[in-house]
Amino acid sequence: MTGFLSLFRRLEGPQTLGRGPAFWALFALVLAGALAYPLFSDGYTVGNTVYFFVWVFIALSLSLIWGYGGSLSFGQTAFFGIAGYSYGILTINFGASYGFTWIALLLAVGMAALIAALLGYFMFFGRIAGVFLGIVTLAVTLMLERFMAQTAGPEWRIGAARLNGFNGMSAMPPLTIPWFGGPIVLFADVGLYYVVLAMLVLVYLALRILMNSAFGNVIVAIRENPERAEMLGYDIRKYQLITFVIGAALAGLSGVLYTVWGQYITPSSMGMTAASLPLIWVAVGGRSDLTATIIGTLVVLSGFQALTIYGSQYALVFMGVLLVLTVLIAPNGLVLGVINWITKLVTRRKQEAA
Amino acid sequence: MALLQLRDVNKHFGGLHVTNAVNLVLEQGEIHCLIGPNGAGKSTLFRLILGEHHPSSGQISFAGEDITALKSFARIRRGLSVKFQVPGVFKGLSVRQNLEIALQSRLSGAALAKEIDRLLAFLNLDAEQAQMAGNLSHGQKQWLEIGMAIALKPRLLLLDEPTAGMSPEETHMTGEMVRRLNAAGMTVLAIEHDMAFVRQVAQRVTVLHLGQVFAQGSIDEIVADERVAAIYLGQAHA
Ligand SMILES: Nc1ncnc2c1ncn2[C@@H]1O[C@H](COP(=O)(O)OP(=O)(O)OP(=O)(O)O)[C@@H](O)[C@H]1O
Ligand SMILES: [Mg+2]
């Protein structure tokens, strides 16, 4: 019981912005708004919003590995793709009855985590770090994209599932809840919205607890100074590996949700562009904080989508410009910078009032 | 009883013979100072003891156990601890959090908070506990890292130039800290260039020169040794 309560205390701490009644009141308000939002909107727009939410998990995975852990990984899109394809292969073969889509979701995320464990073991126990970690993970991502892109022939099939090369896989069943009156199929509208929102809230709170725990302390210590962390008696490779695996699972969750959202997955979701966009959202938001990462991702994504209406090539250029500006003006992230600035202002007001 | 023992330890970096057949015995409970000119191989010897470098040949044992093949973190867990030459504090974290990270594998909850407070007082860093460690003065960083090193309750504390960048008063205070730790049972091996500090704390002194043990004895014997004056202390006093 006390152990359970102490988990709640870890919702706040030095590793996450936001504390006290004011913050949690705001959190409840935003959550209430998000819950009520479908009532004031139409199914199509709500479905579109789900699309934004889907990407938040991969952004959080980068925040964890890069922002908190200090290791820049280009591998998140690879895990995204692995889990997406795994979901497709599983559900196309075994269907959606008896709640199997949920088992497929777990297995697909587990697959991404398993492959991350293997790759991570060789990287971290081989003491690959810094730039080299970036290079290795990028190589894995691009190799996987190339590989999937050449699977167009009919010989590339796993059971009933054709991999379909560059065109990708499609028509896998969406998440389906078995129900008495007949299964509830979660197409990309209100139902899926609530499911993904619930996952988002759970993952966000769980990550807050994790990062403010003793484990999170070691992760940021490794970012700040790996040698010192090891010389406090921590086997840092183990911590790095666990973080990498959790990150891969989150990226995998994004991949599965993306796949069920649009009922397709293609190799280009693992390409160079796909690998760099999440880096931009997270860098612009503020990689070293979970909340800033989520806000940054949602703002930049919706801005990006608004821009694509006028022409996608400009949208990508704009993304690049945004990244350069962030690095120059607020290297720790624009959203994080603004939040810190507001916090400073508020505390100064309070001090003046006192 | 010997707490740490180095037997014929050699270390080559390519063609460079940085540690040359070093034999060193550290007795349980002593404060031992390691001195010598720049580039003598003092910090390298620490890295060998800590397992950051592995000796080209020779053996290192700690508390009767051969630790030559152990990983660094495993050696730390057996009771070694270090303050590096360049302070290795976690710059982007608060002073308090730095200490928490050092203490959390041993303590938690209220006991952890209490021990952090006690260490802050011991280190004269009460007022700075909420500051980012990167914003501390050089001397304060040294103290903070000493605090992190002793938070582990090590049997052997390795200090690489603990007073570099400190005023004479601060140096003296650091010396007193080391003596108090030693009185509480901690064995200390300190690399220092500051002879006032060495005189203040050392029970025995080893002089390292060109990677070899050049002389060993009490501080008075070392200061009186003309050979040592010729290679090191002569310049230091000049
Ligand atoms: N990783 C390394 N690779 C190659 N040479 C090294 C390495 N580490 C140290 N050296 C060399 O070994 C010699 C001893 O270095 P070390 O840092 O141990 O000296 P020191 O006695 O601690 O000197 P100082 O008093 O200046 O700190 C130097 O010549 C240094 O350049
Ligand atoms: Mg040195």
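The values are calculated or read from the model by the stated rules, or taken from the named source; none is laboratory data. A quick note: this is a predicted structure, and the numbers were derived from the prediction, not measured. With ideal geometry, Cβ positions are generated from the backbone for all residues, glycine too; neighbour counts draw on all protein chains shown. Only protein heavy atoms, including side chains, enter the accessible area calculation; ligands, DNA and RNA are left aside. Shrake-Rupley method; radii C 1.70, N 1.55, O 1.52, S 1.80 Å.
Side notes on the structure shown:
- Average beta carbon contacts from partner chains per residue of A:204-214, 10 Å cutoff: 1
- Take the Cα of B:ALA224, step 7 Å toward its Cβ, do the same at B:LYS153, and the gap between the two points is 4.2 nm.
- Peptide packing for A:47-53, B:180-186 was compared via the average number of neighbouring C-beta atoms within 10 Å per residue; ordered from the highest value, the list is A:47-53, B:180-186.
- Residues within the reach of a label modelled at B:HIS53 (point 7 angstrom out along Cα to beta-carbon, backbone nitrogen below 18 Å), restricted to the stretch B:149-169, are B:158-161.
- Apportionment of accessible area to carbon and sulfur, the stretch A:2-271, percent (1.4 Å): 74
- Considering only A:ILE65, A:PHE52, A:GLY191, the residue lying farthest towards the positive end of the dipole of the stretch A:2-271 is A:ILE65, judged by Cα position with unit charges set on Cβ.
- Estimated FRET transfer efficiency (B:SER167, B:ARG106; beta-carbon r; R0 22 Å; 0.05): 0.10
- Packing-based ranking, highest mean first, of A:93-103, A:27-37 given that Cβ atoms within 10 Å are counted: A:93-103, A:27-37
- Inter-centroid distance (Cα atoms) of the stretch A:156-207 relative to the stretch B:95-112, Å: 43
- Take each residue in A:6-15, count the other chain C-beta atoms within 10 Å of its C-beta, and the mean is 1.
- Value of relative contact order over chain A, rounded to a whole percent, pairs C-alpha under 8 Å and six or more apart: 30
- For chain A, the 222 nm mean residue ellipticity estimated from helices alone, with every DSSP H stretch of n ≥ 4 adding -39500 (n - 2.57) and the total spread over all residues, rounds to -23500 deg cm²/dmol.
- Between helix A:312-329 and chain A there is an angle of about 20 degrees, using the helix long axis and the longest principal axis of the Cα atoms.
- The mean sequence separation of alpha-carbon pairs under 8 Å and at least six residues apart, normalised by the residue count of chain B, gives a relative contact order of 26 percent.
- Mean per-residue shielding of peptide B:100-107 is 4, counting Cβ atoms of other chains within 10 Å of each Cβ.
- For the stretch A:2-271, the square roots a ≥ b ≥ c of the C-alpha gyration tensor eigenvalues yield an a/c of 1.5 or more together with a/b not exceeding b/c, which makes the shape oblate.
- Note on A:PHE8 and A:PHE94: with the Förster distance fixed at 45 Å, the Cβ-Cβ geometry gives a FRET efficiency of about 0.70.
- Computed Kirkwood radius, in angstrom, where 1/r is averaged over Cα pairs of chain B: 18.3
- Using the 1.4 Å probe convention, the accessible area of the protein assembly as shown works out to 44 Å² per residue with neighbouring protein chains retained.
- The trypsin sites (Lys or Arg not before Pro) of the stretch A:3-38 that meet both conditions, a loop assignment by DSSP and at most 14 other Cβ atoms within 10 Å of the site Cβ, are A:ARG19.
- The reciprocal of the average 1/r between distinct C-alpha atoms defines the Kirkwood hydrodynamic radius, which for the stretch B:90-186 equals 13.6 Å.
- Charge dipole (debye, nearest 20) of the protein assembly as shown; +1 at Cβ of Lys and Arg, -1 at Cβ of Asp and Glu: 820
- A simple spin-label model places the labels of A:ARG19 and A:THR343 0.9 nm from each other, with each point 7 Å out along Cα-to-Cβ.
- The stretch between B:ARG118 and B:GLN85, if pulled fully straight at 0.36 nm per residue, gains 9.4 nm over its current Cα-Cα span.
- Once the Cβ-Cβ distance of A:LEU29 and A:VAL299 is raised to the sixth power relative to R0 = 30 Å, the FRET efficiency obtained is 0.95.
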